[in-house]
Amino acid sequence: MRVVSGMQPSGRLHLGNDLGALANWKTLQEEHDCFFFVADWHALSANYEDTGRLRDHVRDLLLDWLASGINPDRATIFIQSQVPAHAVLFVLLSMITPIPWLERNPTYKEKQEQLEGRDLSTHGFLGYPVLQAADILLYKAEAVPVGRDQLPHLELTREIARRFNSLYRTGVLTEPDALLTQFPKVAGTDGRKMSKSYGNTIHLSDTEAEVRQKLKTMVTDPARVKRHDPGTPDVCPVFDFHKIYSDAAVTEQVNRDCRTAAIGCIDCKTLVADRVVARLSPVWDARAEIETDPRRLEDVTQAGRARAADVAARTLEEIRDAMKI
Ligand code: TRP
Ligand code: SF4
């Protein structure tokens with residue numbers, strides 16, 4: 001199966017990304033022909049005014065991927081802006097995409113309201129899903145792993161593919177299916193959903209000291225004020241971490257000992273910090289290893305770009321034929 005997915009470069013990845021998208025990608029790369037790319041043009045759509053850190057973000061994202069086990073021997077890893085065919089197909093699809101389809105897109109209005117203060121009344125921001133459709137259709141993706149928020153974009157991609165095929169009486173474009181990524185519930189240090197916009201994240205690239213410090217200050221069951229107050233693990237975000245990172249025996253023990261106040265929050269957090277550190281250690285080692293080779297990222301993206309450009313060129317040829325260009 002051909003699988004395509006992208007991420008916007010917008011800063012270092014956190015544990016939520018690791019448990020959701022990255023875990024999914026790692027499984028998929030073992031069994032399918034995966035294309036994973038850094039969507040740097042997409043990042044411009046809402047951030048075109050401030051591109052100062054764009055290259056750093058691209059680099060950080062690639063480092064996070066490779067350190068976490070996204071494997072260039074298995075998947076094609078590339079940077080969107082290095083494969084100009086994405087822009088070519090974007091132009092062609094723009095010609096056939098009705099503006100009302102884009103104005104109806106729920107994420108368009110939502111994002112515009114969320115990101116108030118920025119001028120997002122641009123052509124590129126409205127056309128974001130057309131570029132995304134180009135990313136996907138260029139590779140004839142059959143499956144696109146995405147989070148729930150991306151489902152409207154996937155539906156638009158399918159509609160654009162259908163419209164293209166029917167206008168030009170062809171079967172060139174493949175309608176992709178969304179592979180909905182499951183995100184285990186992981187809270188940030190303040191107890192809200194872990195998210196960059198809340199500033200409550202634990203990054204894959206944090207140091208061990210930072211990880212331990214963040215977990216130490218994490219909110220717990222608010223009813224457990226004193227050491228001898230019994231707690232309710234079900235309402236405690238630290239317990240969610242145990243469920244993800246600790247083995248069943250420890251999780252069960254914490255579950256019991258918290259309710260009787262046999263364990264205190266400080267010890268409970270140390271237990272979980274040890275598990276998170278154990279999970280991240282191989283990622284830290286891999287990152288350090290990659291960083292010893294200054295050409296590694298470039299080698300990976302050059303190889304990925306060559307493979308992606310090759311597949312994309314062939315699809316574009318068929319598209320030009322279908323459109324009689
Ligand atoms: N829009 C996606 C997001 O914000 C990123 C993206 C761009 C993407 N192009 C894509 C995802 C193609 C899947 C396929 O998460
Ligand atoms: Fe949460 Fe652990 Fe404290 Fe119980 S003991 S409230 S699970 S941190």
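Total residues in the stretch 22-62 satisfying the condition of being within 22 Å of residue 186 (Cα to Cα) and in contact with a Ser or Thr (Cβ under 6 Å, 6 or more places away or on another chain): the figure is 2. Restricting attention to the stretch 192-250, the residues that are of a type in the set (Gly, Ala, Ser), more than 9 Å from ligand 2 (Cβ to nearest atom) and in contact (Cβ under 8 Å) with a residue 12 or more places away in the chain total 3. Scanning the stretch 274-295 for residues that are touching an Asp or Glu at 6+ places or on another chain (Cβ under 9 Å) and of a type outside the set (Asp, Glu) returns 275, 277, 279, 280, 281, 283, 284, 287.
The set of residues in the stretch 117-162 being farther than 22 Å from residue 91 by Cα, within 13 Å of ligand 1 (Cβ to nearest atom) and either small (Gly, Ala, Ser) or assigned to a helix (DSSP H, G or I) (or both) consists of 143, 147, 148, 149, 151. So, residue 214, is that one of a type in the set (Lys, Arg) and surrounded by 18 or more Cβ atoms within 10 Å (Cβ to Cβ) or not? Criteria met by residue 214. Residue count for the stretch 102-141 satisfying the condition of being within 25 Å of residue 311 (Cα to Cα) and of a type in the set (Ser, Thr, Tyr): 2. For the stretch 176-190, the set of residues classified as buried (at least 17 other Cβ atoms within 10 Å of the Cβ), at pLDDT 90 or above and part of a loop (DSSP other than H, G, I, E, B) consists of 176, 188, 189, listed by residue number.
More than 21 Å from residue 306 (Cβ to Cβ), among the hydroxyl-bearing types (Ser, Thr, Tyr), more than 13 Å from the chain's Cα centre (by Cα) and modelled with pLDDT of 95 or more: is that true of residue 76 in this structure? No, not satisfied.
The values are calculated or read from the model by the stated rules, or taken from the named source; none is laboratory data. None of the values given here were measured: they were computed from a predicted structure. Methodologically, a virtual Cβ is constructed for each residue, glycine included, from the backbone with ideal geometry; neighbour enumeration extends over all protein chains shown.
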